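Step one of this worksheet: look at the structure below.
The values are calculated or read from the model by the stated rules, or taken from the named source; none is laboratory data. Values in this document were obtained by computation on a predicted structure and should not be read as measured data. Glycine also receives a Cβ, built like all others from the backbone with ideal geometry; neighbour counts cover every protein chain displayed. Each accessible area value is taken on the protein alone, full model and side chains, heavy atoms only, with ligands, DNA and RNA left out. Shrake-Rupley method; radii C 1.70, N 1.55, O 1.52, S 1.80 Å.
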Amino acid sequence: MSNTQARPVESERIPLKARKVSFSWEDTPLHWVPGDPFTTHTINVLHLLLPAGERWFVHVYKQVLPLIRDDQLREDVVGFIGQEAMHSQAHDEVLPHLREQGLDPTPYTAQVDWFFEKLLGDRTLPPGRASRWWLLERVALIAAIEHYTAFLGDWVLNAAELDRRGADPTMLDLLRWHGAEEVEHRSVAFDLFEHVDGSYRRRARTWATAFSTLVFLWQRGVRFFLENDPTLTGPKASLKDLYVRGREGTLPATGDMLKSIPRYLSRSYHPSQEGSTAQAVSYLASSPAALAAQKAVS
Ligand SMILES: [Fe+2]
Ligand SMILES: [Fe+2]
């Protein structure tokens, strides 16, 4: 194999299963990282983006299934769909809790819903080249986004500073259960993109779209939360806050985020080269929510 091709690490592959978790939010405070609304709300943006975003993954992937000519990949994609559907639902269930605490996310989630359902939804295109082009663009966008969900999953599994700061255990379990499953299935979106298309130009182009959109939506989400948090007044967040939290370890380090960019754009990139399936599996073996889900089915 030449060094310009993706090199999957076979030992990182694992059969995927969805865990039907549920969480009780009654005891989770508004600022679930104590005394740190900036970190809390930066991570809370996940609850705004993921319900619609992961529903959209599922919607697109159901259309791609008939194009898959590899049984193992089809099985992976079916497992991926099951996991993402559950992630979407679990984050959605945090929103009523935020509403009860005086932070109604609807003005923002309505925009996110429009973005995924209308702007990135199915278009009335004639069957054939145009509709296939649009499907492949979306498959490539999902592969780029999954580079970041895996990055964040790996980060949160290792974010010991959140434990040291006394972050709410239920929220940490939601984030780490989700993060661990993102690490488990981190290669699926990329493998699917390589299988149905794999064009390097499309990978680079859709990465640029996905990255700039995520940055745009995320900073808007953080601003939305900080402006609407009923307990906060006074100066709002700046980029410096992000940098400082990254250094402290309550958010990903800015340098690590920047370094992840050339990795995705490298021609030899494969998601299995990043993160650890063993660590993900080990977390899921002790996650309170995952254990309760397992007990409920056995
Ligand atoms: Fe997910
Ligand atoms: Fe994912």
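Could you state the accessible area per residue of the range 16-87 in Å², with a 1.4 Å probe and every protein chain left in place?
Details: 2840 Å² over 72 residues.
Computed with neighbouring chains in place, this is 39 Å² per residue.
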Total charge of the residues flanking Leu162 in space, meaning their Cβ is under 12 Å from its Cβ, with Lys and Arg +1 and Asp and Glu -1, is -2
Global size of the chain as Cα Rg and Dmax, reported in angstrom: 18.9, 58
Cα gyration tensor category, rounded, prolate or oblate, for the range 39-134 with a/c compared to 1.5: oblate
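With the Cα gyration tensor of the range 187-297 giving a ≥ b ≥ c as the square roots of its eigenvalues, does the rule (a/c under 1.5 for rounded; else a/b larger than b/c for prolate; else oblate) give rounded, prolate or oblate? List each step's numbers first, then the result.
Working: a/c = 1.97, a/b = 1.17, b/c = 1.68.
Judged from the Cα gyration tensor, the range 187-297 comes out oblate (a/c at least 1.5, b/c at or above a/b).
Return one whole number: the accessible area per residue of the range 164-252 in Å², for a 1.4 Å probe. Before the final figure, lay out each step's value.
Values: 4150 Å² over 89 residues.
Per-residue value: 47 Å².
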Carbon/sulfur fraction of accessible area - the chain, other protein chains in place, 1.4 Å, %: 57 percent
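Any chance you could run the full-extension gain for Val9 through Asn228? It's 0.36 nm times the residue separation minus the Cα-Cα distance, nm to one decimal.
Working: separation 219, 0.36 × 219 = 78.84 nm, distance 4.47 nm.
Gain in length upon complete extension: 74.4 nm.
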Relative contact order of the range 27-114, defined on C-alpha pairs under 8 angstrom at six or more residues apart (%): 38 percent
Chain lengthening between Val58 and Arg132 when straightened (0.36 nm per residue, less Cα-Cα): 24.9 nm
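Specify whether the C-alpha gyration tensor of the range 213-259 places it in the rounded, prolate or oblate class, a ≥ b ≥ c being the square roots of the eigenvalues: rounded for a/c under 1.5, otherwise prolate if a/b is larger than b/c and oblate if not. Could you put the intermediate results ahead of the total?
Working: a/c = 2.78, a/b = 1.55, b/c = 1.80.
The shape class here is oblate.
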Packing-based ranking, highest mean first, of 102-115, 48-61 given that Cβ atoms within 10 Å are counted: 48-61, 102-115
Given points 7 Å out from each Cα along the Cα-Cβ axis, report the Ser282 to Ser212 separation in nanometres with one decimal. 4.1 nm
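In the neighborhood of Gln294, defined by Cβ-to-Cβ distances under 12 Å, what is the net charge if each Lys or Arg adds +1 and each Asp or Glu adds -1? Spell out each step's value before the answer.
Values: positive: Lys17, Arg19, Lys20, Lys295; negative: none.
Once all neighbours under 12 Å are counted, the net charge is +4.
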In whole percent, what relative contact order does the chain give with Cα contacts below 8 Å and a gap of six or more residues? 33 percent
Computed over the chain: longest principal axis from alpha-carbon atoms vs helix 288-297 long axis, angle to nearest 10 degrees, is 60 degrees
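When ranked by the protection proxy of mean other Cβ atoms within 10 Å per residue, highest first, what sequence do the peptides 176-183, 279-286, 291-298 form? Present the calculation step by step, with values, prior to reporting the outcome.
Details: 176-183: 26.2, 279-286: 16.4, 291-298: 12.1.
Highest mean packing first, the order is 176-183, 279-286, 291-298.
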For the chain, the longest principal axis of the Cα atoms and the Cα long axis of helix 200-228 enclose an angle in degrees, to the nearest 10, of 20 degrees
